[in-house]
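Asker: Attaching a single structure in structure tokens format; questions to follow.
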Amino acid sequence: MKILLFGSGAREHALYDAILKSPLVKKEDIYFAQTGAFAGGNIIDFDDYCNLAKKARELGIELLIVGPEAPLADGICDVFLSFGIKTIGANKYWARLEGSKSFAKEFMCKFDIKTAEYFVLDDYLQVDNILSKFEKPPVIKADGLAQGKGVYLPKTFNEARQIAKEFLDGKFGESSKKIILEKRLYGRELSIFSLWDGKTLLSFPPACDFKKLLDDDKGANTGGMGSAFPCALTDFEKNEVDGYLLKLEKALKNSKADFCGVIYSGLMMCNDGLYVLEYNVRFGDPEIQSVLDNFCGDILDVFIKMTQGRLCEVKLQFSNEPSYCVVLASEGYPVSPKKGCEIFNIDIAEKYGVKILFAGVKKVGEKYYTNGGRVLSLVKSGKNALEGIYKVAQEIKFDGKIYRKDIKLR
Ligand code: AMP
Ligand code: GLY
């Protein structure tokens, strides 16, 4: 079988490694649409998704697997399906679960899924009136996609007013011409990835993402500086999660959600139960790096069964040991990461049994250079896995390297 994998970060590298383990595909039959440092030679140049789908069909590609959100929001799966190629990823309509926070909120409210109280607005003149409804400064979110940067947690009402103005003035272009103001919640965050084939929802156990740049959850919000899997849950928390997933499945069924892909629930466990902070329609990066390292089955077989509407036959199995991912990032991340620094000692990972996944990396000849904010994901499973990961984190060198030293199960 021939496959096209769309995306070029560490999440896609993790998917690639997992797919390569499957006996159902040969390395030379995996194609890429973007040049990741991990990608083999099969890169397809394209002008637009129609052009890409046409080339994919000519090559005999039967399955598209999409990593990032932007192509899903742009409707890449609709295009490929119209060319008769099966897809793993939401269609354009359902990608709005991630691409429009107001759409996601309406979906949650319609199906009685617990989420923070909120207001939607598109006019700065409404801001004072809406702020007056909150006891504490609310969270401010751009309605549309903003590369993970569209959420602010202001400390004062004045700051909230100022951020609302910047957003509505077009800080994120059209994506922030509409904004959400929502009640700030407090609790532990969990990421749950669910597979959906149009009939069945099958979920991975919760993973945890270390979103803040610095140790002890200090510093700026990032795309994620590390992950651990699985999260330990109390009986109360487990009940909350199970109840929530049943509601989500029912909501998707009742909405006749006609896609085959991933739903990522960004959740917060609060004193009074589990709340949904956001939906994404892709796997989370870096959580999927640790989840897939722990996964014991054939992920490609799971994807194929999904496209056949046979997800109900699948059982997901995991190792009994925990899995971890620590991200090495560049100085300046997440605002303006330094690029172009040579990366030394990548080979050391093998000695410690640590898997290296490439994100912001450029390969020139045999040398590797930093080329983005999050540079490498270091992944390993096992009771003592963190020791090996942190040895490698120390020994890999590049100018301005930063990483969190406190990744652990929680
Ligand atoms: P989102 O993209 O909506 O998940 O928001 C990104 C991050 O902002 C989340 O992972 C949380 O850390 C934080 N966040 C979002 N909504 C809230 C909320 N209502 N209360 C507290 N923190 C939030
Ligand atoms: N780890 C958070 C995200 O992928 O959005």
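Asker: State all residues of the stretch 269-297 that are assigned to a loop (DSSP other than H, G, I, E, B), more than 20 Å from Tyr16 (Cβ to Cβ) and touching a Ser or Thr at 6+ places or on another chain (Cβ under 9 Å); if no residue qualifies, say none.
Answerer: Just the residues of the stretch 269-297 that are assigned to a loop (DSSP other than H, G, I, E, B), to begin with: 271-272, 281-286, 296-297.
In the following step, the residues that additionally are more than 20 Å from Tyr16 (Cβ to Cβ) were identified as 271-272.
Matches in the stretch 269-297: none.
Asker: Okay, moving on. When you go through Ile402, Ile396 one by one, which is the residue that is in contact with a strand residue (DSSP E or B) (Cβ under 9 Å, 6 or more places away or on another chain) and crowded, with 22+ Cβ neighbours inside 10 Å?
Answerer: Values: Ile402 fails: crowded, with 22+ Cβ neighbours inside 10 Å.
That would be Ile396, the only listed residue that is in contact with a strand residue (DSSP E or B) (Cβ under 9 Å, 6 or more places away or on another chain) and crowded, with 22+ Cβ neighbours inside 10 Å.
Asker: Just to confirm my filter: which helices (runs of 4 or more DSSP H) fall fully inside the stretch 1-81 and include at least 3 residues that are without any contact (Cβ under 8 Å) to a residue 24 or more places away in the chain? Break it down stepwise before answering.
Answerer: Working: elements: 10-20, 49-59, 69-73.
By residue number, 49-59.
Asker: Right, next: In this structure, is Gly170 under 23 Å from Gly67 (Cβ atoms) and either surrounded by 14 or more Cβ atoms within 10 Å (Cβ to Cβ) or free of Cβ contacts under 8 Å to residues at least 60 places away in the same chain (or both)? I'd like the intermediate steps shown before the answer.
Answerer: Working: under 23 Å from Gly67 (Cβ atoms): no; either surrounded by 14 or more Cβ atoms within 10 Å (Cβ to Cβ) or free of Cβ contacts under 8 Å to residues at least 60 places away in the same chain (or both): yes.
Considered against the rule, which asks whether it is under 23 Å from Gly67 (Cβ atoms) and either surrounded by 14 or more Cβ atoms within 10 Å (Cβ to Cβ) or free of Cβ contacts under 8 Å to residues at least 60 places away in the same chain (or both), Gly170 comes out as no.
Asker: To continue, here is another question. Picking from Ile30, Ile61, which residue would you name as being closer than 22 Å to Val361 by Cα, out of contact with any His (no Cβ under 6 Å at 6 or more places or on another chain) and surrounded by 14 or more Cβ atoms within 10 Å (Cβ to Cβ)?
Answerer: Unique residue meeting the criteria: Ile30.
Asker: If you don't mind, there's one more thing I want to ask. When you look at Phe193, is it within 18 Å of Leu311 (Cα to Cα), within 16 Å of ligand 1 (Cβ to nearest atom) and touching a helix residue (DSSP H, G or I) at 6+ places or on another chain (Cβ under 7 Å), yes or no? Break it down into steps so the answer makes sense when it comes.
Answerer: Working: within 18 Å of Leu311 (Cα to Cα): yes; within 16 Å of ligand 1 (Cβ to nearest atom): yes; touching a helix residue (DSSP H, G or I) at 6+ places or on another chain (Cβ under 7 Å): yes.
Criteria met by Phe193.
Asker: Looking at the stretch 362-393, which of the residues that are out of contact with any Gly (no Cβ under 8 Å at 6 or more places or on another chain) and among the aromatic types (Phe, Trp, Tyr) is surrounded by the fewest Cβ atoms within 10 Å (Cβ to Cβ)?
Answerer: Per the stated criteria, the residue is Tyr390.
Asker: Within the stretch 134-158, how many residues are more than 16 Å from ligand 2 (Cβ to nearest atom), part of a loop (DSSP other than H, G, I, E, B) and farther than 19 Å from Arg96 by Cβ?
Answerer: Residues that pass the stated criteria total 8.
Asker: Being touching a Ser or Thr at 6+ places or on another chain (Cβ under 8 Å) and of a type outside the set (Lys, Arg) is the filter here, so list the residues in the stretch 77-98 that pass it.
Answerer: Cys77, Phe80, Leu81, Thr87, Ile88
Asker: Any idea which of Glu58, Glu12, Glu106 is more than 23 Å from the chain's Cα centre (by Cα) and modelled with pLDDT of 95 or more?
Answerer: On the way: Glu12 fails: more than 23 Å from the chain's Cα centre (by Cα); Glu106 fails: more than 23 Å from the chain's Cα centre (by Cα).
Going through Glu58, Glu12, Glu106 in turn, just one is more than 23 Å from the chain's Cα centre (by Cα) and modelled with pLDDT of 95 or more: Glu58.
Asker: Let me ask something else. Output the number of the condition that Leu181 fails; it satisfies all remaining conditions of (1) of a type in the set (A, V, I, L, M); (2) under 21 Å from Val151 (Cα atoms); (3) in contact with an Asp or Glu (Cβ under 8 Å, 6 or more places away or on another chain).
Answerer: Of (1) of a type in the set (A, V, I, L, M); (2) under 21 Å from Val151 (Cα atoms); (3) in contact with an Asp or Glu (Cβ under 8 Å, 6 or more places away or on another chain), only one is false for Leu181: (3).
Asker: Just the residues that are within 21 Å of Asp216 (Cα to Cα) and in a strand (DSSP E or B), please, taken from the stretch 377-410.
Answerer: Matches in the stretch 377-410: Ser377, Leu378, Val379, Lys401, Ile402.
Asker: Here's a follow-up. If a residue must be within 16 Å of ligand 2 (Cβ to nearest atom) and either part of a strand (DSSP E or B) or at pLDDT below 95 (or both), how many such residues does the stretch 159-191 contain? Working first, answer last.
Answerer: So in the stretch 159-191, the residues within 16 Å of ligand 2 (Cβ to nearest atom) come out as 172, 175, 188-191.
Within this subset, residues satisfying the condition of being either part of a strand (DSSP E or B) or at pLDDT below 95 (or both) are 188-191.
Matching residues across the stretch 159-191 total 4.
Asker: Next up: Is there any pair with a first residue in the stretch 278-289 that is within 8 Å of Arg11 (Cβ to Cβ) and a second that is of a type in the set (D, E, K, R) and within 6 Å of ligand 2 (Cβ to nearest atom) whose Cβ atoms are under 8 Å apart and which are 6 or more apart or on different chains, and what are they?
Answerer: From the stretch 278-289, the pairs are Gly284/Asp209; Pro286/Asp209.
Asker: Within the stretch 210-235, restricting attention to residues that are within 24 Å of Lys315 (Cα to Cα) and modelled with pLDDT of 95 or more, which residue is farthest from ligand 1 (Cβ to nearest atom)? Outline the logic, then answer.
Answerer: In the first step, residues of the stretch 210-235 are kept if they are within 24 Å of Lys315 (Cα to Cα); the result is 227-235.
Okay, now just the ones that are also modelled with pLDDT of 95 or more, so 227-231, 233-235.
On the way: Ser227: 13, Ala228: 16, Phe229: 17, Pro230: 18, Cys231: 14, Leu233: 18, Thr234: 21, Asp235: 25 Å.
By that ranking, first place goes to Asp235.
The values are calculated or read from the model by the stated rules, or taken from the named source; none is laboratory data. All figures in this text were calculated on a predicted structure; none of them were measured in a lab. Glycine gets a Cβ as well: all are built from the backbone with ideal geometry, and neighbour counts include every protein chain shown.
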